[in-house]
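Trainee: Have a look at this one before I ask anything.
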Amino acid sequence: MKLRRFLAPDARTGLERIRRELGPDAVVVSSRKTAAGVEFMAGRHDGLEEPGEAGADGRDDGGRLIWRELSRLRALLQNQLAGFAWSMEKRRHPVRVQVLQKMLAAGFSPKLARQLAAGLPKQHSAAQADAWMRQVLIRNLRAAAPADMPGLKPGVWALAGPTGHGKTTTLAKLAATAALRHGPQSVALVSADAYRVGAQQQLQAYAGMMGVDFVGLEEIGRLGEALANLRDKACVMVDSAGFAPDDERFAAQLAALRQAGAACLLTLSASTQGGLAERLIARHRGWKGVILTKLDEGGACGAVLDCLMRYRLELACLATGQRVPEDIHAAHASYLVDRALRAREADGFAMREEDWAAYAGMEAELESRRNAG
């Protein structure tokens, strides 16, 4: 690793210069005070070759220890620089930082929050910035027209997603809506969930109450045949088994649903964590829309909205409560954005002003580890 000497009037100025000139891979090897200021010796982390295993290439444990210590110092430097940068940004652009803080507090990702805050017009006051942020979020949240809501719009609709996110109850609500619009004789319920105990019996009970046809499948491979027998129906609603996004059975199930001609709707609880929503959307493409469920249970929905915006997925409809069919609603972008921005963590989890610089530092350190990994 080639080292460079940096001389600055104080430590903060020196660290900022190192980061500016050497980039995120900067490593400070030493620092000392001099009569002229603070002297640093620093180089680039990627200029240091990672040692191999002891005995395999002539290097010993000492080399690996030095490597690990330099990596740790690099992470600490990035953490400290990010904290300094946050504090300076707060002083220089307080309104922009306010937008960033509000989005992060609402559950939106740092990536989207930074992108949106960077586009804030410089002359905006705090009130104008809040209104601008709200309008940008609403414009970027795609919502289906009420007439295109599954059930009101004819078709074969399949609900898919993790276990416990309300697929079966939501399917019953959509089927009841379809029965009211098209008539019970024009609607059918199909259960392709042979994994969860009682799943088919529950859906069959709903079908009986609504007076619509019901088909229970022991294996999803028979779906194409079942749909062929139901081709005279205006709406067919297909329930599916719940799996984790990384489960191979989930991908196989989605492929079978699409091959049979069903439009797949991702069904997610409104308070789903961003990591889970991202994996479901990014690893399994081809969704025809997303249904947000359990809005009555509270929680921040910013993380799910964030994923919908970044992946340009359409919100198909909203579900609340257990009532069939009353608790199903058309997609409404402004309602969801306002709900997300009003959400606040309980006092014990709320971020205080002094916490934000530390948060920025931790985010920078995590990002560095992801890039290095």
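Trainee: When the residues of the stretch 234-269 are narrowed to those that are under 17 Å from residue 196 (Cβ atoms) and part of a loop (DSSP other than H, G, I, E, B), which ends up nearest to the chain's Cα centre (by Cα)?
Mentor: So, considering only residues that are under 17 Å from residue 196 (Cβ atoms) and part of a loop (DSSP other than H, G, I, E, B), the one nearest to the chain's Cα centre (by Cα) is 244.
Trainee: Would you call residue 272 part of a strand (DSSP E or B), among the hydroxyl-bearing types (Ser, Thr, Tyr) and buried (at least 21 other Cβ atoms within 10 Å of the Cβ)?
Mentor: Numbers: part of a strand (DSSP E or B): no; among the hydroxyl-bearing types (Ser, Thr, Tyr): yes; buried (at least 21 other Cβ atoms within 10 Å of the Cβ): yes.
Judged against the criteria, residue 272 is not a match.
Trainee: So, one more: Here are 197, 156, 190, 97: which of them is modelled with pLDDT under 90 and assigned by TED's automatic domain parsing to the domain that holds residue 221? Let's see the steps before the verdict.
Mentor: Numbers: 156 fails: modelled with pLDDT under 90; 190 fails: modelled with pLDDT under 90; 97 fails: assigned by TED's automatic domain parsing to the domain that holds residue 221.
That would be 197, the only listed residue that is modelled with pLDDT under 90 and assigned by TED's automatic domain parsing to the domain that holds residue 221.
Trainee: Please go through the stretch 305-319 and give me each residue that is within 10 Å of the chain's Cα centre (by Cα) and either closer than 17 Å to residue 338 by Cα or part of a loop (DSSP other than H, G, I, E, B) (or both), ordered by number. So that I can check it myself, show each step before the final result.
Mentor: Of all residues in the stretch 305-319, those within 10 Å of the chain's Cα centre (by Cα) come to 305-311.
If the condition is that a residue be within 10 Å of the chain's Cα centre (by Cα) and either closer than 17 Å to residue 338 by Cα or part of a loop (DSSP other than H, G, I, E, B) (or both), then 305, 306, 307, 308, 309, 311 are the ones that fit.
Trainee: Now a separate question. Taking the options 161, 211, name whichever one is touching a residue at least 24 places away in the same chain (Cβ under 8 Å), of a type in the set (Gly, Ala, Ser) and under 19 Å from residue 287 (Cβ atoms).
Mentor: Answer to the selection: 161.
Trainee: When you check residue 282 against the structure, is it surrounded by fewer than 22 Cβ atoms within 10 Å (Cβ to Cβ), under 28 Å from residue 224 (Cβ atoms) and in contact (Cβ under 8 Å) with a residue 60 or more places away in the chain, yes or no?
Mentor: Numbers: surrounded by fewer than 22 Cβ atoms within 10 Å (Cβ to Cβ): yes; under 28 Å from residue 224 (Cβ atoms): yes; in contact (Cβ under 8 Å) with a residue 60 or more places away in the chain: no.
It is false that residue 282 is surrounded by fewer than 22 Cβ atoms within 10 Å (Cβ to Cβ), under 28 Å from residue 224 (Cβ atoms) and in contact (Cβ under 8 Å) with a residue 60 or more places away in the chain.
Trainee: On to the next question. So which residues in the stretch 285-300 are within 18 Å of residue 144 (Cα to Cα) and buried (at least 18 other Cβ atoms within 10 Å of the Cβ), if there are any at all?
Mentor: 287, 288, 289, 290, 291, 292, 293, 295
The values are calculated or read from the model by the stated rules, or taken from the named source; none is laboratory data. Since this is a predicted model, take the numbers as computed values, not measurements. We place every Cβ from the backbone using ideal geometry, glycine too, and count neighbours over all the protein chains shown.
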